[in-house]
Amino acid sequence: MLRLLVFTLFTLAAGPFHWSLSDVVPIASAAEPLNVVVTLPVLKDWAQQIGGSHVQVTSLMTGYESEHTYSPKPSDLVAVRKATLLLEVGAGLEVWVSSLVKNAGNASLQVVTTSRGIELIPDRADSAEETHHHAAGNPHVWLDPEAAATMVQHISDAMTIADPAHATNYRANTAAYLQSLTRVHQESLARLQNVPSRTVIVHHPAWPYFARRYDLQVAGTILLQPGGEPSARHLHRLIETIKRDHIRVIISEVQLNQKVPQLLARETGARIAVLTTLPGGLPGTETYLDMLRYNVLQLTQALERT
Ligand SMILES: [Zn+2]
């Protein structure tokens, strides 16, 4: 497109000219979709919402894996080698990205850290047992719709810079999407406004941003180290907390082993709400907005049945 513009300006400046359609065709057909690779499916959804038909998006993770225990496949290297943009959450989440980028050796690749500028919530260390692996802060920022708006804006800006020919499309799609995001967020706030209990136990430390935005309290976490197993002592403490504070809901995540939440539910009579941290993890959660609606509905129903 830039070449076409330069050509047009040149010929205009040169005065009288003529050119046939065949002069333009090779330039126009060179406008292939922007090749975008993302780490998590949540970023794929946003890239597609903003980019529409002007982008070709590949997600390295599918939504069924845990974002902490993922290790790249050989095909991921091939995808990154061909990409113009690589979108990551950042904040220490995708620890495997930097070596993948290095090995891909793609000099023109732009890595976009979509969590940039979002203030991170520190991971709590309630006891010696509750150590955590994230030095920078908790990386699960996307579960807060207001942080999501910042991430969407970063993706939009990166696409606009990488492919200025379609800047108008990207900006219009972003504006429309942010309106939908605001609407679903408002619906979620309204839905969760009057639940009789706001305290939950969570599966892994994915929910501090979501909990803060929707005024929920997290009283305990089952898996302090993703990929690990809780100790008997930790489980005993969780059971005591659930009973003492009359906690009625455990948020379990579909990407993780359901055994321990089920054990806690059996021991305490608490209810399980199976949610997903990534779009596509459960039927009916294919997009971020679907996922937000789904999680809020499941959680509200579980909290209301208490
Ligand atoms: Zn996580």
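Coordinate-derived values only; no laboratory data. Owing to the predicted nature of the structure, the values given are computational and were not obtained by experimental measurement. No Cβ is skipped: glycine too gets one built from the backbone with ideal geometry, and neighbour counts run over all protein chains shown.
In what sequence do LEU143, LEU303, LEU189 fall when counting other Cβ within 10 Å, fewest first?
LEU189, LEU303, LEU143
Test of understanding: what is the full-extension gain from GLU32 to GLN217, defined as 0.36 nm times their sequence separation minus their Cα-Cα distance? Spell out each step's value before the answer.
Working: separation 185, 0.36 × 185 = 66.60 nm, distance 4.76 nm.
Contour length minus the Cα-Cα distance gives 61.8 nm.
Among VAL36, VAL78, VAL296, which comes first, then next, by fewest other beta-carbon atoms within 10 Å?
Fewest to most other Cβ atoms nearby, the residues stand as VAL78, VAL296, VAL36.
For the chain, which semi-axes, largest first and in whole Å, follow from the square roots of 5 times the eigenvalues of its Cα gyration tensor?
Semi-axes from the Cα gyration tensor: 45, 21, 14 Å.
Assign one of three labels to the stretch 177-243, namely rounded, prolate or oblate, based on the Cα gyration tensor with a ≥ b ≥ c the square roots of its eigenvalues; rounded applies when a/c is under 1.5, prolate when it is not and a/b is larger than b/c, and oblate otherwise.
Details: a/c = 4.78, a/b = 1.91, b/c = 2.50.
It is oblate, given that a/c is not under 1.5 and a/b is not larger than b/c.
For VAL38, list long-range residues whose amide hydrogen, built 1.01 Å from N in the peptide plane, is under 5 Å from its own amide hydrogen.
Answer set, sorted by chain and number: THR58, SER59, LEU60, LEU87.
Using Cα-Cα distances under 8 Å and only pairs 6 or more residues apart, what relative contact order does the chain have, in percent?
Details: 475 pairs, mean separation 48.6, N = 306.
So the answer I get is 16 percent.
Grab the DSSP H runs of the chain that are 4 residues or longer, score each as -39,500 (n - 2.57), total them, divide by all residues and round the 222 nm result to the nearest 500 deg cm²/dmol.
Rounded to the nearest 500, it is -14500 deg cm²/dmol.
Taking amide hydrogens as modeled 1.01 Å from N in the peptide plane, which residues meet the under 5 Å criterion relative to VAL111, leaving out close sequence neighbours?
LEU86
ALA172 versus LYS102, label points 7 Å from Cα toward the beta carbon: distance in nm?
4.4
Would you mind calculating the gained length between GLU240 and SER53 on full extension (0.36 nm times residue separation, minus the Cα-Cα distance), in nm to one decimal?
Length gained, GLU240 through SER53: 62.0 nm.
Going by average Cβ neighbours within 10 Å, how do the peptides 108-114, 41-47 rank, with the highest at the top?
41-47, 108-114
So between VAL254 and ARG116, what do we pick up on full extension, going 0.36 nm a residue minus the alpha carbon distance?
Additional length available on full extension: 46.9 nm.
Rounded, prolate or oblate, given the Cα gyration tensor of the stretch 135-203, with a/c below 1.5 counting as rounded?
Cα axes put the stretch 135-203 in the oblate bin.
In square nanometres and to one decimal, what's the mean projected area of the convex hull around the Cα atoms of the stretch 194-304?
Mean projected area of the Cα convex hull: 6.5 nm².
How big is the Rg/Rh ratio for the stretch 77-214, C-alpha atoms only, Rh by Kirkwood, two decimals?
Details: Rg = 17.9 Å, Rh = 17.3 Å.
Rg/Rh: 1.03.
Could you line up HIS234, HIS203 from fewest to most neighbouring Cβ atoms inside 10 Å?
Final ranking by Cβ density, sparse to dense: HIS234, HIS203.
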